[in-house]
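Engineer: First the structure, which I've put down as structure tokens, then a few questions once you've had a look.
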Amino acid sequence: MPIDRTDRRTPSRRTFLKHAAGGVAGYAALSSPMITNKVLGANDKLQVACIGVGGRGESDLQGVKGERIFALCDVDSRSLDKAKSRHAPDAATFSDFRKMLDKMHNQIDAVCVATPDHMHAQATVRAIREHKHVYCEKPLTHNVYEARMVAREAAANKVVTQMGTQIHAGNNYRRVVELIRAGAIGKVEHVHTWVPTSYHGGNRPTAMPPVPKYLDWDQWIGGAPMRPYHPAYHPFHWRGWWDFGGGALADMACHHVDLPFWALGIRHPGKVVAQGPPVHPEGPGQWNIVDYEFGIEGNSYRASTVKLTWYHGAKRPPLLAQLNPPSRYNAGNIFVGSEGSLIADYGKHHLLPQDKFRDFQRPEPTIPKSIGHHREWIEACKANEPTRPLCNFAYAGPLTECVLLGNVAYRGGGAIEWDAPTMRLSGPGAEKGKQYLSREYRKGWE
């Protein structure tokens, strides 16, 4: 049967993977017809809808508060009431984003998505197919398949996008990128990235307390398999359960791996190997060490093969103690180059060894100061310039894919090799790991 190009339903995983090797143009046939999004003047206000308004959603409301917040959606009426009274007394309110997008379709220009991870793609893809610009919190999606789909839908529908890696707008990251690309430490061969964060849900709760009156549990579960309500999941601890999140790797790596992704221009790893405690069927490990290997064209500041090693929980790169940096680094990146090292976190960085770089002349800044992570997206939406935000989905999609492949390798129990154009796995962990590239969706949320 021919594909109905006006159908907004998500294509099946099988259909998507069949078209995955065809690039954006090949996948456009699965999307709704492209339309020209309107251009607004600089003094005009975007009409924004926010899906998820507690936690990170509260920060997104702050980020777009200068625009017109037209609609609010949350499954928790407490968060919804608080957001309405604080930010948008006149906004329409919903617990189901599908109904919101259907009813407010002609009034909304742009959408912020700050749901738990398992619903990022569901909300984002639907908004994109409604030709709405989208700002989505990190990680962009819950699994690799969704990351590829979201990036391709955004390109096909020519909407303006931004993933919520807010630190990308900081000056410190920009100065590090300039140092690396200036060849300050020679050719980078290895990056060590670590955070102390750990999420692990453990065994599924057996108690079944009543669903609070303020919570729409069916909507919270969304496309995940239904399970009884328990406070072990909502509002924060869903990060420690495979059905809803991906542990510290999914939660934090898009922030920290963003820096080497940006500085080195790496994208799809060819090989991923993960260590950790025995895999628990319900949730992520309390610690992991993941090795990503990138084969890439070498140049003056990167080797032809770049290795990135991720550590979370109680694990740290041994090199951290050896380098003895002058300030404390609880999390961050160490770039290891042929001529020295660079250590960086969100707010500071040092070239090491210090004696060698004492008289180093830093390059002149070339990356302009950001107007703000949300503001970059807002101004690009008004001008209808999809490539303008630095963390648009063309960038954020591969970053998210890379991060989540670490969990695929861990759960697969062995090394995996990744062929990005075809989205095929091989290697010892491939047979078991391939089931974690995507998921089955609950009926009604396919």
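The numbers here are math on the coordinates, done by the rules we state, and not lab data. What you are looking at is a predicted structure, and each value in this text was computed from that prediction instead of being measured. FYI the Cβ positions are ideal-geometry reconstructions off the backbone, even for glycines, and counts take in every protein chain you see.
Engineer: Taking 0.36 nm per intervening residue step and subtracting the Cα-Cα distance, what contour gain separates THR206 from VAL279 on full extension?
Structural biologist: Stretched fully, the THR206-VAL279 segment lengthens by 24.2 nm.
Engineer: Within the range 310-325, name every residue whose backbone N is under 14 Å away from a label modeled 7 Å from Cα of GLN354 along the Cβ vector.
Structural biologist: 323-325, by backbone N distance to the label point.
Engineer: To continue, here is another question. Using only the Cα atoms of the range 384-446, build the gyration tensor, take square roots of its eigenvalues as a ≥ b ≥ c, and label the shape rounded, prolate or oblate: rounded if a/c is under 1.5, else prolate if a/b is larger than b/c, else oblate. List each step's numbers first, then the result.
Structural biologist: On the way: a/c = 2.72, a/b = 1.51, b/c = 1.80.
Here the range 384-446 falls in the oblate category.
Engineer: Taking R0 as 35 Å, what FRET efficiency do you get between HIS105 and TYR214 from their Cβ-Cβ distance, rounded to the nearest 0.05? Could the numbers behind the result be given before it?
Structural biologist: Values: r = 27 Å, r/R0 = 0.78.
Plugging the Cβ-Cβ distance into 1/(1 + (r/R0)^6) gives 0.80.
Engineer: Cα axis of helix 144-157 to longest principal axis of the chain: angle in degrees, 0 to 90, nearest 10?
Structural biologist: It works out to around 70 degrees.
Engineer: Sorted by average packing, counted as other Cβ atoms within 10 angstrom per residue and highest first, what order do 102-108, 380-386 take? Could the numbers behind the result be given before it?
Structural biologist: On the way: 102-108: 13.9, 380-386: 19.1.
Highest to lowest by the protection proxy: 380-386, 102-108.
Engineer: Same structure, new question: Could you state the angle between the C-alpha long axis of helix 77-87 and the longest principal axis of the C-alpha atoms of the chain, as a value from 0 to 90 degrees rounded to the nearest 10?
Structural biologist: 80 degrees
Engineer: Another question, if that's okay. So what is the calculated 222 nm ellipticity per residue for the chain, using -39500 (n - 2.57) for each DSSP H run with n of 4 or more, over all residues, to the nearest 500 deg cm²/dmol? Mind dumping the intermediate values first?
Structural biologist: Numbers: 15 runs with 136 residues, N = 446.
Rounded to the nearest 500, it is -8500 deg cm²/dmol.
Engineer: Same structure again: Could you grab the relative contact order for the range 307-446? Cα pairs under 8 Å, six or more apart, rounded to a whole percent. Don't skip to the end; give the middle numbers.
Structural biologist: Numbers: 98 pairs, mean separation 13.5, N = 140.
Here the relative contact order equals 10 percent.
Engineer: Using only Cα atoms, find the angle between the long axis of helix 247-256 and the longest principal axis of the chain, and express it within 0 to 90 degrees, rounded to the nearest 10.
Structural biologist: Roughly 70 degrees, rounded to the nearest 10.
Engineer: Return the percentage of antiparallel bridges among DSSP beta bridges fully within the chain, rounded to the nearest 5 %. If you can, show how the numbers build up before the last one.
Structural biologist: On the way: 34 of 61 bridges.
Restricted to the chain, the bridges split so that about 55 percent are antiparallel.
Engineer: Could you give the size of the charge dipole of the chain about its Cα centre, using +1 on the Cβ of each K and R and -1 on the Cβ of each D and E, expressed in debye and rounded to the nearest 20?
Structural biologist: Details: 55 positive and 43 negative charges, 44 e Å.
The calculation lands at about 220 debye.
Engineer: While we're here: For the charge dipole of the range 102-249, defined by +1 on Lys and Arg C-beta atoms and -1 on Asp and Glu C-beta atoms about the Cα centroid, which residue among ILE221, THR165, TRP238 has the Cα displaced farthest towards the positive pole?
Structural biologist: Of the options given, the answer is THR165.
Engineer: How much length, in nm to one decimal, is gained on full extension between ARG362 and ARG267, taken as 0.36 nm per residue of separation minus their Cα-Cα distance? The partial results should precede the final answer.
Structural biologist: On the way: separation 95, 0.36 × 95 = 34.20 nm, distance 2.68 nm.
Additional length available on full extension: 31.5 nm.
Engineer: Treating only the Cβ of Lys, Arg, Asp and Glu as charged (+1, +1, -1, -1), what charge dipole size does the range 239-320 show about its Cα centre? Round to the nearest 20 debye. Before the final figure, lay out each step's value.
Structural biologist: Details: 7 positive and 7 negative charges, 49 e Å.
Using Cβ point charges on Lys, Arg, Asp and Glu, the range 239-320 gives about 240 debye.
Engineer: Given R₀ = 41 Å, what would the calculated FRET efficiency be for LYS369 paired with ASP419, taking r from the Cβ atoms and rounding to 0.05?
Structural biologist: Details: r = 39 Å, r/R0 = 0.95.
Result of the calculation: an efficiency of 0.55.
Engineer: Separate question: For the range 57-172, what does the relative contact order come out to in percent, with C-alpha contacts under 8 Å and a separation of six or more?
Structural biologist: Details: 147 pairs, mean separation 22.8, N = 116.
That works out to 20 percent.
Engineer: Now for a different question. If I build a Gaussian network model for the chain, linking alpha-carbon pairs within less than 10 angstrom, which residue out of ASN392, ASN171, ASN143 has the largest mean-square fluctuation?
Structural biologist: Its mean-square fluctuation being the largest, the pick is ASN171.
Engineer: Excluding GLY186 itself, calculate the net charge of residues whose Cβ lies under 13 Å from the Cβ of GLY186, where each Lys or Arg counts +1 and each Asp or Glu counts -1. Could the numbers behind the result be given before it?
Structural biologist: Numbers: positive: ARG181, LYS187, ARG302, LYS356; negative: GLU189, GLU339.
So the surrounding residues net to +2.
Engineer: If R0 is 45 Å, what FRET efficiency do you get for GLU339 and ASP90 from their C-beta distance, rounded to 0.05? Walk me through the numbers before you get to the answer.
Structural biologist: Numbers: r = 58 Å, r/R0 = 1.30.
Computed FRET efficiency for GLU339 and ASP90 comes out at 0.15.
Engineer: Moving to a separate point now. Taking the Cβ of HIS349 as the center, what net charge do the other residues with Cβ under 12 Å away carry, scoring Lys and Arg +1 and Asp and Glu -1?
Structural biologist: Details: positive: ARG174, ARG175, LYS348, ARG362; negative: GLU178, ASP345.
In short, +2.
Engineer: Taking the chain as a Gaussian network, Cα atoms linked when under 10 Å apart, which of THR422, THR206, THR165 shows the biggest mean-square fluctuation?
Structural biologist: THR206
Engineer: Another question, then. Count charges around PHE294 for me, please; just the other residues with Cβ under 10 Å from its Cβ, Lys/Arg as +1, Asp/Glu as -1. Show your work: numbers first, answer last.
Structural biologist: Numbers: positive: ARG267, LYS271, ARG302, LYS307; negative: GLU293.
Value of the local net charge: +3.
Engineer: In whole angstrom, note down how far apart the Cα centers of the range 239-258 and the range 337-416 are.
Structural biologist: Their Cα centres are 17 Å away from one another.
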